[in-house]
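Data first, discussion second: the structure below is written as structure tokens.
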Amino acid sequence: MNILHASGEVFPYSKTGGLADATAALAGAQAAAGHSVTLVTPLYPGIREQWPALKPLGQAETEAQIWRLEPEPNLTVLFVDEPRWFDRDGIYGHGDDAERFIFFSKCVARLARHAEIVHAHDWQTALAMPLLRQARTGKVFTIHNAAYQGRFPADKFALTGLPGDCFDRRGLEFYGDLNLLKGGIVYSDLATTVSPRYAEELLTPEYGCGLEGVFQAKGKAFTGVLNGVDYAEWNTTDNPHLAAAYSADAPDGKAVNKAALQHELGLSPLDDIPLFGNISRFAEQKGLDLLLGALEEQLRGGASFQFAGLGSGDPWLKEAMRGLTGRFPGQVAVTIGYDNALAHRIEAGSDFFVMPSRFEPCGLNQLYSLRYGAVPVVRATGGLEDSIIDLGQGDETATGIKFADCSVEALGQALGQAVALYADRSRLAKVRENGMRADFSWDQTTAEYERLYAAIS
């Protein structure tokens, strides 16, 4: 099958979050399964310098220069090169994001004319769906986070080149504005999201972000497919970022990585207390305010544990995290920014990984944590609910700790459960082993998409 994916970010070329990991991994898995896969993404600063094997496409496919890279068999990555729109610091958050990603979607639509399936991801590529509304190609649109919709003033609709009848309540119009995500949902043959539980949640006012009626209207043409993990990238046995190799069969290296992380981050070199990790955007969606509150409350109350955090985002959360580090030296270490190598070391060195998200479409860090032996402590929502088996279901199958209420109190209780589990080393070893042996490879996801593609092509 000839498949074209389009995404505003793709690992390892660009990344702000899980979207980059998911699109790269899905495309790679489909290529490995024998499909002819093309992945289209903008050319951001530094990509040409890091990947000198880039070559011009060799033909005028769009008004932008297109560069080509073939990183593995059956996989071609096309980079849309337009310095006016993409030669920027930071991928998103610019005042002309409407212009930038409308342009990008137009390029995607032009590059897609020979594809059997066009699979667009999130609002940055959503416009490709209505642009291809008359094309004889299967159109799939995946929502990775419905909270980010590409909503802009109505006058931006003129930039799309679409006929006026596309801008109504049945199309891209949303309370008088242009809503690109809505357009992707409406004009796709199939809309998907990144976990079955999140698909159910998007049908409700609590989680649908105003688009619950649009999701409901898709009926059977809307479904959830759980993301997977690229175990070639996220592994503990052949990883240059780690201090020692380890696995479910040979777990001793886990303790070596914990000691190395403590030393690196200036945490006290203790093995008799648990180390909690978190890698996240600093945002209320991720429950970082709940995490701050619970850590403060627990540590002031004399709880014995350590915390290592990594991330960036809302300024007030960054300052609050810095403040926590200052008040609890040797117990708390938070690194502001994103460092991929450090992310691997935090996963490997942590005993538990905390994800108190208010909502979480899929989540990838809990899946990485399972393989890295960092027992997830998660709120039971979206993909976190789908992927973690709670301790209360028995040690033979449990892979983590789940809590339901979105509150500091509920998270604090879950942290207390984790501390108690750490004190019972044989029980901890069993739960850790269960998680490390869990299989969340992309094979299942790829097979499910093959089935879905076949139904619309």
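The values are calculated or read from the model by the stated rules, or taken from the named source; none is laboratory data. The structure presented is a predicted model; accordingly, all values stated were derived computationally and were not measured. Virtual Cβ from ideal backbone geometry, glycine too; neighbours counted across all protein chains shown.
Which one is farthest from the chain's Cα centre (by Cα) among residues in the stretch 404-436 that are touching a residue at least 40 places away in the same chain (Cβ under 8 Å) and not in a helix (DSSP H, G or I)?
Ser407
Return the pairs, sorted by first residue and then second, in which the second residue is basic (Lys, Arg) and not in a helix (DSSP H, G or I), the first residue lies in the stretch 303-332 and is over 18 Å from Ala374 (Cβ atoms), the beta carbons are less than 8 Å apart, and the residues are 6+ apart or on different chains.
Pairs found: Ser312/Arg281; Gly313/Arg281.
Take Gly208 and tell me if it is closer than 30 Å to Cys406 by Cα, part of a loop (DSSP other than H, G, I, E, B) and either in contact with a Cys (Cβ under 8 Å, 6 or more places away or on another chain) or modelled with pLDDT of 95 or more (or both).
Numbers: closer than 30 Å to Cys406 by Cα: yes; part of a loop (DSSP other than H, G, I, E, B): yes; either in contact with a Cys (Cβ under 8 Å, 6 or more places away or on another chain) or modelled with pLDDT of 95 or more (or both): yes.
In short, yes.
In the stretch 266-302, how many residues are in a strand (DSSP E or B) and either over 12 Å from Thr335 (Cα atoms) or touching a residue at least 60 places away in the same chain (Cβ under 8 Å) (or both)?
Step one: filter the stretch 266-302 for residues in a strand (DSSP E or B), giving 275-282.
Then keep just the ones that are either over 12 Å from Thr335 (Cα atoms) or touching a residue at least 60 places away in the same chain (Cβ under 8 Å) (or both); that gives 275-281.
Final tally of qualifying residues: 7.
Mind counting the residues in the stretch 324-346 that are within 21 Å of Gln285 (Cβ to Cβ) and not polar (S, T, N, Q)? Spell out the reasoning first.
Residues of the stretch 324-346 within 21 Å of Gln285 (Cβ to Cβ): 324, 334-338, 343, 346.
Now drop any that are not not polar (S, T, N, Q), which leaves 324, 334, 336-338, 343, 346.
So the count comes out to 7.
Quick one: would you say Asp439 is over 30 Å from Glu116 (Cβ atoms), part of a loop (DSSP other than H, G, I, E, B), free of Cβ contacts under 8 Å to residues at least 24 places away in the same chain and not basic (Lys, Arg)?
no
Exactly one condition in (1) basic (Lys, Arg); (2) in a helix (DSSP H, G or I); (3) under 17 Å from the mean Cα position of the chain (by Cα); (4) surrounded by fewer than 20 Cβ atoms within 10 Å (Cβ to Cβ) is false for Lys220; which is it?
(3)
Any residue in the stretch 362-375 that is assigned to a loop (DSSP other than H, G, I, E, B), touching a Leu at 6+ places or on another chain (Cβ under 9 Å) and over 26 Å from Glu264 (Cα atoms)?
For the stretch 362-375, residues assigned to a loop (DSSP other than H, G, I, E, B), touching a Leu at 6+ places or on another chain (Cβ under 9 Å) and over 26 Å from Glu264 (Cα atoms): present.
Does Ala348 satisfy being closer than 17 Å to Tyr231 by Cα, crowded, with 18+ Cβ neighbours inside 10 Å and out of contact with any Ser or Thr (no Cβ under 6 Å at 6 or more places or on another chain)? Even if it seems obvious, please write down each step before you answer.
Working: closer than 17 Å to Tyr231 by Cα: yes; crowded, with 18+ Cβ neighbours inside 10 Å: yes; out of contact with any Ser or Thr (no Cβ under 6 Å at 6 or more places or on another chain): yes.
Spelling it out, Ala348 is indeed closer than 17 Å to Tyr231 by Cα, crowded, with 18+ Cβ neighbours inside 10 Å and out of contact with any Ser or Thr (no Cβ under 6 Å at 6 or more places or on another chain).
With Gly373, Gly382 as the choices, which residue is in contact with a Gly (Cβ under 8 Å, 6 or more places away or on another chain), in contact (Cβ under 8 Å) with a residue 12 or more places away in the chain and farther than 29 Å from Gly253 by Cα? Please lay out each step first, then the result.
Working: Gly373 fails: farther than 29 Å from Gly253 by Cα.
Criteria check complete, one pass: Gly382.
Do any strands (runs of 3 or more DSSP E) entirely within the stretch 1-118 hold 2 or more residues that are surrounded by fewer than 21 Cβ atoms within 10 Å (Cβ to Cβ) and among the charged types (D, E, K, R), and if so, which? Give the steps one after another, and end with the answer.
Details: elements: 2-6, 36-42, 65-72, 75-81.
Qualifying strands (runs of 3 or more DSSP E): 65-72.
Taking the condition more than 30 Å from Leu384 (Cβ to Cβ) and of a type outside the set (D, E, K, R), does Gly184 pass?
Numbers: more than 30 Å from Leu384 (Cβ to Cβ): no; of a type outside the set (D, E, K, R): yes.
For Gly184, the condition - more than 30 Å from Leu384 (Cβ to Cβ) and of a type outside the set (D, E, K, R) - is not met.
Pro205 passes all but one of (1) more than 28 Å from Leu411 (Cβ to Cβ); (2) in the same structural domain as Met129 (by TED's automatic domain parsing); which number fails?
Of the numbered conditions (1) more than 28 Å from Leu411 (Cβ to Cβ); (2) in the same structural domain as Met129 (by TED's automatic domain parsing), the odd one out for Pro205 is (1).
Among the listed residues Gly253, Gly228, Gly287, identify the single one that is among the small types (Gly, Ala, Ser), within 30 Å of Asp386 (Cα to Cα) and modelled with pLDDT under 95. Give the derivation first.
Details: Gly253 fails: modelled with pLDDT under 95; Gly287 fails: modelled with pLDDT under 95.
After ruling out the rest, the residue left standing is Gly228.
Identify all residues within the stretch 376-392 that are outside any helix (DSSP H, G or I), crowded, with 24+ Cβ neighbours inside 10 Å and in contact with a strand residue (DSSP E or B) (Cβ under 8 Å, 6 or more places away or on another chain); write none if there are none. Give the steps one after another, and end with the answer.
Within the stretch 376-392, the first condition is being outside any helix (DSSP H, G or I), and the residues that meet it are 376-381, 388-390.
If we keep only those that are crowded, with 24+ Cβ neighbours inside 10 Å as well, we get 376-379, 381, 388.
Of everything in the stretch 376-392, those that are outside any helix (DSSP H, G or I), crowded, with 24+ Cβ neighbours inside 10 Å and in contact with a strand residue (DSSP E or B) (Cβ under 8 Å, 6 or more places away or on another chain) turn out to be Pro376, Val377, Val378, Arg379, Ile388.
Just the residues that are polar (S, T, N, Q) and under 26 Å from the mean Cα position of the chain (by Cα), please, taken from the stretch 25-72. Lay out the reasoning, then the answer.
Going through the stretch 25-72, the residues polar (S, T, N, Q) turn out to be 30, 36, 38, 41, 50, 59, 62, 65.
Passing the criteria: Gln30, Ser36, Thr38, Thr41, Gln50.
Just to be sure I understand, how many residues within the stretch 303-359 are outside any strand (DSSP E or B), of a type in the set (Val, Ile, Thr) and over 19 Å from the mean Cα position of the chain (by Cα)?
Residues in the stretch 303-359 being outside any strand (DSSP E or B), of a type in the set (Val, Ile, Thr) and over 19 Å from the mean Cα position of the chain (by Cα): 1 in total.
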